[in-house]
1. Pull up the cross-link candidates among the lysines for A:Lys71, meaning alpha carbon to alpha carbon under 20 Å and not fewer than 8 places away within one chain.
2. Could you give each residue of segment A:107-114 its phi-based ³J(HN,Hα) in whole Hz, using Karplus coefficients 6.51, -1.76, 1.60 with θ = phi - 60°, and x for Gly or Pro?
3. Averaged over its residues, how many other protein chain Cβ atoms are within 10 Å of peptide A:43-54's Cβ atoms?
4. What's the average, rounded to a whole number, of partner chain beta-carbon atoms within 10 Å of each residue's beta-carbon in B:90-99?
5. How far apart, in nanometres, would the label points at A:Glu56 and B:Ser110 be if each is projected 7 angstrom from Cα along the Cα-to-Cβ direction?
6. May I ask you to order A:59-70, A:77-88 by the average number of other C-beta atoms within 10 Å around their residues, highest value first?
7. Averaged over peptide B:101-112, how many Cβ atoms belonging to another chain are found within 10 Å of each residue's Cβ?
8. What are the ³J(HN,Hα) values, in whole Hz, obtained from phi via the Karplus relation 6.51 cos²θ - 1.76 cosθ + 1.60 with θ = phi - 60°, for each residue of segment B:9-26 in sequence order, with x given for Gly and Pro?
Amino acid sequence: QQQVKQSPQSLIVQKGGISIINCAYENTAFDYFPWYQQFPGKGPALLIAIRPDVSEKKEGRFTISFNKSAKQFSLHIMDSQPGDSATYFCAAFTRDTGRRALTFGSGTRLQVQP
Amino acid sequence: DTAVSQTPKYLVTQMGNDKSIKCEQNLGHDTMYWYKQDSKKFLKIMFSYNNKELIINETVPNRFSPKSPDKAHLNLHINSLELGDSAVYFCASSSRPHQPQHFGDGTRLSIL
């Protein structure tokens, strides 16, 4: 049962363009939504995260947009750079007893072409 | 200094063998996790320990057994390895279950 659906599976963007990755969730008990970045041969690294009491969070070139009523959230990478080429995972977390762990989306492989 | 370190980085072994993967974190975190990443890059939680106590045990074969000798270590022992166990296994830690998780660089397990 995939509780967090992520799209697209892969994305090619030109340098300087905007990369947009979308996620949708089902479980209304989720209350923390991080994005992780993973380079080949490395573990996922936390990029940016949001809680459902805000609709947007920005850190540098990275912005999360959150729509609680639609149960959707997205990552926008402005001025995309070749160094941003990696796999991006959205995730969701709930405090529900017995399920206090991250549920990951299926990942998006981003290629930023020079 | 590596925050979450796993050993070995690569593990190649035969079907039916027993192997262990070690994980150590030097962040002073109370909660540690094991995740499995399959060939399609899908990440799934396997186990979670908080203060050395098991708090999550997802539906994984009982051939997989986590061991937490202290808060800084969470090892994964796998008995009777099968072809389907081939994957990358990631250890992670967080200060508490609801806090950001820090991942190790993974152990790539290949079963021949």
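1. Qualifying lysines at Cα under 20 Å: A:Lys5, A:Lys57, A:Lys58.
2. Computed from phi, the couplings for segment A:107-114 are x, 10, 8, 9, 10, 10, 8, x Hz.
3. Mean number of neighbouring Cβ atoms from other chains: 3.
4. Partner Cβ neighbours, averaged per residue: 3.
5. Between A:Glu56 and B:Ser110, the simple spin-label model gives 4.7 nm.
6. Ranking the peptides A:59-70, A:77-88 by packing returns A:77-88, A:59-70.
7. Mean partner-chain Cβ count within 10 Å for B:101-112: 3.
8. Per-residue couplings from phi come out as 7, 10, 9, 10, 8, 8, 4, x, 6, 10, 9, 10, 10, 9, 9, 9, 10, 10 Hz.
Values in this text are rule-based calculations from the coordinates and carry no lab data. If you're wondering where the values come from, they're calculated on a predicted model, not measured in any experiment. We place every Cβ from the backbone using ideal geometry, glycine too, and count neighbours over all the protein chains shown.
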